[in-house]
């Protein structure tokens, strides 16, 4: 075997080892990278065609659309436990009803202590310390080109 082929083989082996280590170190987080469209806040529904989303963009990070403003912040998950830290966002002018809904959404996220995905419906349930659902959302398909449809 030539020196050049030996070096190439050696480098390929190192790359494979590094890839295997990164894959082993990756967190087993079923929420990581998923995006959800909120369909209920505290049992009060949401305004039709409002666009309130929750995107688990990276380990410990969440971002989305509150219906009026974009937001980002901390999301700490440990098994079934989930809490949201302080959220930062834009400050756009919107109709008062959307601003009120957005405030209800952020308040609800502040009370979240756990999560589950319903095996039958696929809906994400964010729950308070009493186990009550405070936010319910359905997953947005990663290949979706539109999120709102006119009936």
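Among the residues of the range 56-65, those that are in contact (Cβ under 8 Å) with a residue 12 or more places away in the chain and buried (at least 19 other Cβ atoms within 10 Å of the Cβ) comprise 56, 62, 64, 65.
Against the definition (in contact with a strand residue (DSSP E or B) (Cβ under 9 Å, 6 or more places away or on another chain) and exposed (fewer than 13 other Cβ atoms within 10 Å of the Cβ)), how does residue 70 come out, yes or no? Spelling it out, it is not the case that residue 70 is in contact with a strand residue (DSSP E or B) (Cβ under 9 Å, 6 or more places away or on another chain) and exposed (fewer than 13 other Cβ atoms within 10 Å of the Cβ).
Inspect all residues belonging to the range 104-126 and state whether any of them is in contact with a helix residue (DSSP H, G or I) (Cβ under 7 Å, 6 or more places away or on another chain), more than 12 Å from residue 42 (Cα to Cα), modelled with pLDDT of 95 or more and surrounded by 15 or more Cβ atoms within 10 Å (Cβ to Cβ). No, the range 104-126 contains no residue that is in contact with a helix residue (DSSP H, G or I) (Cβ under 7 Å, 6 or more places away or on another chain), more than 12 Å from residue 42 (Cα to Cα), modelled with pLDDT of 95 or more and surrounded by 15 or more Cβ atoms within 10 Å (Cβ to Cβ).
Within the range 73-92, being within 18 Å of residue 134 (Cβ to Cβ) and part of a strand (DSSP E or B) holds for 73, 74, 75, 76, 77, 81, 82, 83, 84, 85, 86, 87. Confirm whether residue 138 is outside any helix (DSSP H, G or I) and modelled with pLDDT of 95 or more. Yes; evaluated as a whole, the condition is true for this residue. Of the residues examined, residue 101 is one that is out of contact with any helix residue (DSSP H, G or I) (no Cβ under 8 Å at 6 or more places or on another chain) and surrounded by 19 or more Cβ atoms within 10 Å (Cβ to Cβ).
The values are calculated or read from the model by the stated rules, or taken from the named source; none is laboratory data. In this text, all values refer to a predicted model and were calculated from it rather than measured experimentally. Cβ atoms come from the backbone with ideal geometry, glycine included; neighbour counts cover every protein chain shown.
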